[in-house]
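A short worksheet on the structure shown next.
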Amino acid sequence: MLNGVIDTMMAGRLSAVDVAAVGLGASIYITVYVGLMGVLLALAPIAAQHWGAGRPERIAEATGQAIWLALALAVPGCIALGWTEPWLAFAQAPDEVAGVARGYLLAVAAGLPAALLFRVFYALSNAIARPRTVMAINLAGVALKLPLNALFMHGWQTEAGQVLVPALGGAGAGVATAIVLWLSLLLSLVALYAMPIYRSLRIRWPIRPDTAQLRELLQLGLPIGGAYLVEVTSFAFMALFLARLGATVAASHQIAANLAALAYMVPLALANATSTMVAQSIGAGRPDRARAYGRHGLRLAIGIACAISAALWFGREGIVGAYTTDAAVAAAAAPLVALVAAFHLFDAIQATATFVLRAHRITTLPMLVYLVCLWGVGLGGGWWLAFGVGAGDSQLGQAVAGARGFWIAAGASLMAASVLLALILRSVWRECEPASRIQTGGGSASAAAGAAVSIDSTRKRSR
């Protein structure tokens, strides 16, 4: 997400066209990437449960199959990103914005295979509770992103005027992203074969594709990918719809969207940690401990989300000023940041609930909730507010016109999703309570019985 912040800030100092093009290109890239990446994240609950149960050999097998899956998913992903015309035609972006966005998309398409393979390493590291390795690699990538952006966005000339690297503007951010993605994959391979914790898993590749394990990954992963796709496209299509209203509206939306995504990283990180501990507890046959971790994670996410919302609300003017020097863009973005602050709490609740359900191998119901709430209430409601009610001359129409209508509807959709997902999670915890009481009653046999009840129920729900 810091890469996106860097791209937006540096493009914002070039022109409104560049920041709008980077926002449009990034929205398309994220739409393709996140849906494919979500399928691979099925490895996390599977590997975490194996880790909790003390089955490292099963982790190595699952990781090898996830690599095959990543390579298979990279093919349609690269085609989707490289075929830019349908995206740009649908966005109806101005020619100058479309030209820069086209170069950005072609560049990030070259980095997509590395991004997907790195997500396998990401899922594995989270599953065995080793997120620091991923953090270190990502921070190294951020450190490289700044100079690489400057090089490819502004170009490099000798004192004699010879052009060594052409100035690509906003498209240069895509080139820098692709380079960082491949370097991150290289660092993950070094960690995989150099660090003792990873070497102990004895991961070897290539291995023969296993139909049963690939099916298990897909059964869990496709709903996860679908949920991510719905979540991301609900915001990506906002960018596509708003691009037709001009560079200022598109740029202001991109600032708000980037800030919302950046704030979302905190509850997402807590949700990842909570999911890992819940899944490991399930694998160890401790449904009572799994439920306790889930509740503590949810409370912590709510508390921190309230603090972040307050910071966004009171600091919105200064935050927008850090993103752009364009007065018109800043004026349009400030009200959107206030809306981001208002709905961030519900974003934190739905993220944590979804990840806890994922640890229980329940992925289809969250996807359906996202489909109804984010596409129906958020995207459909946003279109109605922005282009329906907002097309009128009334005071209400002016209040919800353009980007504000979409962001108001997005807040309502996240509120609805958080309520529904919390109700589903409460139902899961109630079903696990009998297993916890049996386990507490005494003996390893009763613990095994409790684990069997919990795991069997979660498998039935996932089907």
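Dividing the Cα radius of gyration of segment 1-114 by 2.2 N^0.38 Å, with N the residue count, gives 1.35.
Across all Cα atoms of the chain, the radius of gyration (one decimal) and Dmax (whole number) stand at 22.7, 82 Å.
Expressed as cubic angstrom per residue, what is the convex hull volume of the alpha carbon set of segment 162-215?
159 Å³
Karplus-derived 3J(HN,Hα) values for segment 54-70, using 6.51 cos²θ - 1.76 cosθ + 1.60 with θ = phi - 60°, are x, 10, x, 5, 6, 5, 4, 5, 5, 5, x, 5, 5, 5, 4, 5, 4 Hz; glycine and proline are entered as x. The Stokes-Einstein estimate for segment 163-278, based on a Kirkwood radius over Cα pairs and taken at 4 °C with 1.567 mPa s viscosity, is a diffusion coefficient of 69 µm²/s.
Normalising the Debye intensity of segment 1-222 to I(0), with uniform scatterers on Cα atoms only, and taking log10 at q = 0.07, 0.10, 0.18 Å⁻¹ returns -0.25, -0.50, -1.21. Give me the distance between the Cα centres of segment 152-224 and segment 242-276, rounded to whole Å. For segment 152-224 versus segment 242-276, the Cα centre distance is 22 Å. Every helix of 4 or more DSSP H residues in the chain counts as -39500 (n - 2.57), and over all residues that averages to -28000 deg cm²/dmol at 222 nm.
Roughly speaking, what is the centre-to-centre gap between segment 66-94 and segment 278-336 when only Cα atoms are used, to the nearest Å? Spelled out, the Cα-based centre of one part sits 30 Å from the other.
For a footprinting-style exposure proxy, rank R132, R295 by other Cβ within 10 Å, fewest first.
The fewest-first ordering by Cβ neighbours comes to R132, R295.
Put in line by how crowded their Cβ is, counting other Cβ atoms within 10 Å and starting with the fewest, I362, I67, I255 read I67, I362, I255. Relative protection proxy for 238-244, 22-28, from highest mean packing down: 22-28, 238-244 (other beta-carbon atoms within 10 angstrom). Dipole orientation for the chain: of the candidates M37, A279, A194, A279 has the Cα lying most toward the positive pole (charges on Cβ; Lys, Arg +1; Asp, Glu -1).
No lab work stands behind these numbers, since they all come straight from the coordinates. This one's a predicted model, so the numbers in the text were calculated from it and none came from an experiment. Ideal geometry is used to build each Cβ from the backbone, glycine not excepted, and the neighbour counts take in all protein chains shown.
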